[in-house]
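Here's the structure we're looking at; comments come further down.
The values are calculated or read from the model by the stated rules, or taken from the named source; none is laboratory data. This structure is a prediction, so every number in the text was calculated from the model and none was measured. Neighbour counts are summed over all protein chains in view; Cβ atoms, including those assigned to glycine, are modelled from backbone coordinates with ideal geometry. Note: accessible area is taken over every heavy atom of the protein model, side chains too, but ligands, DNA and RNA are not part of it. Shrake-Rupley method; radii C 1.70, N 1.55, O 1.52, S 1.80 Å.
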Amino acid sequence: MNIDTNKYKFTESWYLLSEIKRYLIEFVSKTEKYNILEIGSFEGLSACGFSDNIMSHPGSTLDCVDPFILSGTDEKITTKCVTTDTENFFRFNIENSQNANKITFHKLTSDDFFLNNNKTFNLIYIDGCHEPEFIKNDMENSFDCLEKNGIMWMDDYGGNTTKDGKIAQYMHIFLEKYKGKYQIIHKNYQLAIRKL
């Protein structure tokens, strides 16, 4: 997926190097309707990637969920890189994306978002809190509102660690619990599944 980095503000290039940016287009169409959920938006580059590349259908939507909790202010939530500029960059970036009018921002934790969510989605990107309970909840809650044949794409499968081990070990618990209900479509640093 292409993104014009000259029109966006950002301090980290994680999304620009990510597998979802490189490979998602193999699994989606630029003209289909997508109801997208993004858990963990940071500076908004991934949201802008969706907005600029796969949200041209008039009915497409994107719900971005991020509490923007400042680094070191909540011991239960890992927010190493969030500063006072992060949310401002996010808002600026999505407002300047091609389909800004189709984006809804929820300044909530993912747990709080799911408490009142009644939408279903056919594309979900999980890149939220790296604490074990959030990983478990984000995957299970997302899968519950993922439509049949929908894609759930998760960051950090092959990398970042939690306080007590690799994120992958918590993802494997989910994969075992829901065995037979999904197909793995991408597996490397990031993990993506399609719901059966």
Does Thr61 qualify as being of a type in the set (Val, Ile, Thr), over 28 Å from Lys177 (Cβ atoms) and at pLDDT 95 or above? yes
Only listed residue being among the aromatic types (Phe, Trp, Tyr) and more than 25 Å from Asn149 (Cβ to Cβ), chosen from Phe42, Phe27, Phe50: Phe42
So Phe68 clears everything in (1) closer than 26 Å to Lys107 by Cβ; (2) out of contact with any Leu (no Cβ under 8 Å at 6 or more places or on another chain); (3) at pLDDT 95 or above; (4) not aliphatic (A, V, I, L, M) except one condition, right? Which one? (3)
Can you find a residue in the range 32-39 that is open to solvent by 30 Å² or more (accessible area, probe 1.4 Å), more than 24 Å from Cys129 (Cβ to Cβ) and either assigned to a loop (DSSP other than H, G, I, E, B) or not small (Gly, Ala, Ser) (or both)? yes
Can you pull out the strands (runs of 3 or more DSSP E) entirely within the range 85-196 that have at least 1 residues that are surrounded by fewer than 22 Cβ atoms within 10 Å (Cβ to Cβ), of a type in the set (Lys, Arg) and modelled with pLDDT of 95 or more? 146-154, 182-187, 191-195
Asn6: in a helix (DSSP H, G or I), more than 22 Å from His106 (Cα to Cα) and free of Cβ contacts under 8 Å to residues at least 60 places away in the same chain, yes or no? yes
